[in-house]
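Input: a single structure, listed below in structure tokens.
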Amino acid sequence: MPAVEFTVNGQPVVLHEPPSARLLDVLRETLHLRATRLGCGEGECGACHVLVDGRALAACNTPLAAVAGCEVVTVEGLADDAIGVRLQRAFIAEQAAQCGYCTSGLLIGATALLRREPAAGEAAVRAGLDGHLCRCGAHPRIVRAVVRVAAESLSA
Amino acid sequence: MVASGPSRTARLRVDGDRVTVRCGKVELGQGIHTALAQIVADELGLPLAQVHFDAPATDTSPDEGVTSGSLSVQDAGAALRLECGQLRQALGREATAHWVGQSVPRPEVASTVSGAHRFIHDVELPGLLHGRVLHPPQMGGQLASVDLAGVQALPGVVAVHCDGDLLGVLTDGNRTADAALARLRSSVAWRCAPSAPAAEPVTRVVDEKTAAVGLPARTLEARFSKPWIAHASIGGACALAQWSDDGRLTVWSHTQGLFNLRRDLALAFAIEPGQVSVRHVPGAGCYGHNGADDVAFDAAWLARQCPGRPVRLVWSRADELAWAPQGPAMVVDMAADLDAHGRLLAWRHDVWSLGHSARPGRAATPALLGSWQTAAPFERPATIDMPLAVGGGAERNAVPGYDFPAWRVRAHRLQDGPRRSSALRSLGAFANAFAAESFVDEIAAASGQDPLRWRLAHLQHDPRGMQVLQRAAAMAGWRSTPRPEGCGQGMGYARYKNTGAWCAVVAEVEAAALLRVHRLCIAVDVGLAVNPDGVRQQIEGGAVQAISWTLKEDASDPASQMLRFSEVPQIDVLVLESTEPSLGAGEASLGPTAAAIANALFDALGVRVRDLPLSAERIVSAMDRNL
């Protein structure tokens with residue numbers, strides 16, 4: 001089986017797995033990065049989003065081959081990301097999670113959003129997170145947390 | 001300093017300055033362990049950081065029933081206060097008042113955002129096998145044929161199990177399990193008979209208040225409905241199970257009722273409850289009786305094929321939507337007799353529904369899906385409604401909280417059919433409050449009165465109810481300014497279960513191509529709020545879920561969607577200050593939110609839509625009827 005090489009949270013990885021393997025399974029099972037969650041399994045809910053070269057992608061329907069040569073970032077790596085770490089703090093400050101199952105995907109989605117649009121306003125944040133579902137209804141707090149980080153970058 | 005040497009009660013163990021709480025109530029993301037820790041810290045005069053919770057488990061925790069009904073702060077909080085009082089005396093400590101009433105952050109939020117939080121899907125055990133089950137495509141479906149050998153031959157397959165109409169596969173990896181399940185699914189044929197027609201509903205008078213009232217000048221009538229609603233948690237139901245060589249069973253589960261599940265597992269496998277240990281591990285969001293207990297049976301059933309090996313079983317999204325219990329569809333008929341001045345003389349509320357309680361632990365046979373599908377199947381227990389004294393089911397919040405002179409409330413329980421109904425957040429209260437509070441709005445409009453004033457006039461006996469209404473109205477600037485074209489403001493109110501938290505909601509909506517909610521103003525009285533921000537989280541979360549149910553959801557409609565971020569309005573929550581006994585917050589906002597939105601739609605367009613969800617098609621056809 002040909003090797004697939006990429007980086008995860010800054011670390012180089014060389015894997016001999018089928019190119020069609022789901023990125024989600026590779027992250028959770030081969031690499032033991034358990035914070036990326038399986039939600040709907042069909043790319044509809046956002047729970048499994050990871051950063052691939054800075055863009056948020058659903059790991060549940062991304063094949064391993066698609067990330068060859070890419071930089072992959074999961075929630076476990078967000079503490080080393082300038083935007084990600086601020087989002088993590090803002091989520092705590094706003095208590096922006098209930099069960100927390102959707103949180104990993106939302107942090108990744110919000111990181112990608114603020115990379116594209118560092119000073120996103122509330123409407124842009126809401127629209128930017130529309131690919132994510134949260135069943136507990138933590139939306140108002142999640143939006144506040146992301147807008148808080150965007151506002152910081154505006155005043156920085 | 002706490003006296004040296006450990007001291008303990010049933011729920012508490014004090015060791016030095018550290019207290020460990022053994023609590024039968026489970027953490028579901030609702031923040032119950034944080035709130036209970038605040039109570040314990042104050043009762044024992046300790047820093048909050050010194051209060052720890054053991055993971056709830058049947059071997060070590062007191063049986064505190066099911067974590068449901070917005071009762072944990074009331075019940076477990078009271079039990080802990082009592083035991084803390086005993087310990088405090090024994091230890092010669094002083095109670096403090098530092099923590100209760102503070103918005104303490106939940107520690108799980110920090111571990112969730114760092115990625116360290118572990119759900120049941122993430123538990124790793126040595127020698128773990130991965131399981132999948134295949135249930136029949138519908139209730140009563142029978143296995144016609146299956147090619148087990150083809151599945152058995154797949155790489156990584158450890159065992160294939162066929163037991164009556166229940167099929168399962170055990171593999172050495174998660175991915176091979178998915179592949180084996182796909183193969184199993186494609187190699188099986190089912191025989192499905194049409195389901196028998198449902199028996200006649202059973203009618204019972206829930207409550208009746210009689211008075212000598214004059215003859216009505218007119219009677220208003222209206223019929224309301226809500227569809228089936230799915231729990232639709234973001235993560236699938238999941239469990240781990242392991243049998244020991246001497247026939248003991250250990251189950252890891254995100255169930256709401258550890259002891260209830262233990263009892264039904266023992267029934268299902270014909271062993272003593274003492275031979276079963278159930279340990280709680282957090283799952284994805286829980287809003288009532290979902291598939292957690294069923295998947296625990298499935299895991300134990302499959303793990304029995306490989307004693308000594310732990311098995312993790314995860315339900316697919318298809319299993320979840322096809323087989324997990326859902327909140328049943330309901331119809332509510334309202335009628336009111338008015339005198340010539342528009343005064344209400346008598347009120348009638350009739351609710352039709354399947355039962356709302358099918359939880360394990362309560363019937364002669366296991367309430368576990370798979371146990372009805374094996375070669376020696378158990379009978380499926382009847383779905384019931386709990387007595388009104390413990391909250392009721394379909395009739396929850398059907399008895400008026402207003403001071404009407406006379407009323408009759410009846411519940412018509414439909415008999416079980418092919419779909420499973422059980423407890424979904426707020427049970428019947430969602431439909432009943434939606435119907436009753438919409439109907440109040442209709443009566444007020446029919447007699448030319450302001451709906452706020454109408455409600456207040458009928459709540460003179462209940463100052464706490466009046467207060468939440470007045471405070472929510474003040475927050476929203478109740479009908480103080482003209483609403484723009486297509487915009488409306490509406491109100492909904494209920495005291496949850498008639499015995500719980502008082503909650504009033506004012507909704508502002510805009511009805512264009514779609515109905516949009518722009519803002520909710522919510523006032524709630526939960527008595528003493530142990531953790532006010534925790535209360536706000538529960539009230540907000542309940543309101544968002546209720547907006548989703550009200551505007552969009554119907555589990556019978558394949559196109560049904562959940563609310564998205566851009567559809568969630570601004571939500572302002574006021575938690576009233578109070579020193580009265582604490583009441584639960586998890587379910588209080590749902591019914592009032594639905595009614596407030598429907599009433600705001602009427603204010604915006606002058607039409608009533610009495611069937612949920614309030615879809616664009618329904619609004620348009622209501623407008624057509626109005627022309």
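Overview of results
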{"quantity": "Gain on full stretching of the segment that runs from residue B:200 to residue B:561 - 0.36 nm per residue minus C-alpha separation", "calculated": "126.7 nm"}
{"quantity": "Semi-axes of the equivalent ellipsoid for segment A:78-155, Cα gyration tensor, largest first, Å", "calculated": "17, 13, 11"}
{"quantity": "Between helix B:258-269 and chain B: long-axis angle, C-alpha atoms, 0 to 90°, nearest 10", "calculated": "50"}
{"quantity": "Translational D in µm²/s for the protein assembly as shown (Stokes-Einstein at 25 °C, 0.890 mPa s, Kirkwood Rh from C-alpha pairs)", "calculated": "89"}
{"quantity": "Tilt relative to chain B, helix B:72-91 - C-alpha long axis, 0 to 90 degrees, to 10", "calculated": "70"}
{"quantity": "Alpha-carbon radius of gyration plus Dmax, which is the widest Cα pair, for segment B:186-267 in Å", "calculated": "24.6, 76"}
{"quantity": "Hydrodynamic radius by Kirkwood, which averages 1/r over all alpha carbon pairs of chain B, in angstrom", "calculated": "25.9"}
{"quantity": "Stokes-Einstein translational diffusion, chain A - Kirkwood Rh over all Cα pairs, 1.567 mPa s, 4 °C, in µm²/s", "calculated": "83"}
{"quantity": "Inter-label distance, nm, simple model (7 Å from Cα along the C-beta direction), residue B:147/residue B:617", "calculated": "4.0"}
{"quantity": "In sequence order, calculated HN-Hα J values of segment B:232-241 (Karplus, 6.51, -1.76, 1.60; Hz; x Gly/Pro)", "calculated": "6, 4, 6, x, x, 5, 8, 8, 10, 8"}
{"quantity": "Calculated log₁₀ intensity ratio I(q)/I(0) where the Debye formula runs over C-alpha points of segment B:7-114, q = 0.18, 0.22 Å⁻¹", "calculated": "-0.86, -1.28"}
{"quantity": "Nonlocal Lys pairs with alpha-carbon distance under 26 Å, the protein assembly as shown (8 or more apart, or different chains)", "calculated": "5"}
{"quantity": "DSSP bridge orientation in segment B:1-156 - percent antiparallel, rounded to nearest 5", "calculated": "65"}
{"quantity": "Segment B:509-581 versus segment B:57-126: alpha-carbon centroid distance in Å", "calculated": "26"}
{"quantity": "Segment residue B:125-residue B:192, length gained on full extension (0.36 nm per residue, minus Cα span)", "calculated": "20.3 nm"}
{"quantity": "Backbone N within segment B:216-246 under 16 Å of label point (7 Å from residue B:335 Cα along the Cβ vector)", "calculated": "B:216-224"}
{"quantity": "Helix B:590-605 vs. chain B, principal-axis angle (Cα, 0 to 90°, nearest 10)", "calculated": "40"}
{"quantity": "Averaged over B:561-574, number of beta-carbon atoms from partner chains that fall within 10 Å", "calculated": "5"}
{"quantity": "Length released on extending from residue B:211 to residue B:348, taking residue separation times 0.36 nm less the Cα-Cα span", "calculated": "48.0 nm"}
{"quantity": "Equivalent-ellipsoid semi-axes of segment B:450-627, from the Cα gyration tensor, Å, largest first", "calculated": "27, 19, 14"}
{"quantity": "Inter-label distance for residue B:627 and residue B:460, nm, one decimal - labels placed 7 Å from Cα along Cα-to-Cβ", "calculated": "4.6"}
{"quantity": "Vicinal HN-Hα couplings computed from phi for segment B:440-453 (Karplus, 6.51 cos²θ - 1.76 cosθ + 1.60; Hz; Gly/Pro x)", "calculated": "4, 4, 5, 5, 4, 5, 5, 9, x, 10, 5, x, 5, 5"}
{"quantity": "Test item: A:36-47 mean partner chain Cβ contacts at 10 Å", "calculated": "4"}
{"quantity": "Rg/Rh ratio calculated on Cα atoms of segment B:224-382 (Kirkwood radius)", "calculated": "1.16"}
{"quantity": "Modelled label reach - residue A:80, point 7 Å along Cα→Cβ, segment A:31-50 residues with backbone N closer than 20 Å", "calculated": "A:31-37, A:49-50"}
{"quantity": "Whole-Hz couplings from phi, Karplus 6.51/-1.76/1.60, listed for segment B:491-505; x for Gly and Pro", "calculated": "10, x, 8, 6, 9, 4, 6, 6, 10, x, 6, 8, 9, 10, 10"}
{"quantity": "Label-point separation in nm, residue A:14 to residue B:102, each point 7 Å along Cα→Cβ", "calculated": "5.3"}
{"quantity": "Share antiparallel - DSSP beta bridges, the protein assembly as shown, percent rounded to 5", "calculated": "75"}
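No value in this document is a laboratory result; all are computed from the given coordinates. Quantities reported herein were computed from a predicted structural model and do not represent experimental measurements. Here Cβ is always computed from backbone atoms with ideal geometry, including for glycine, and neighbour counts include all displayed protein chains.
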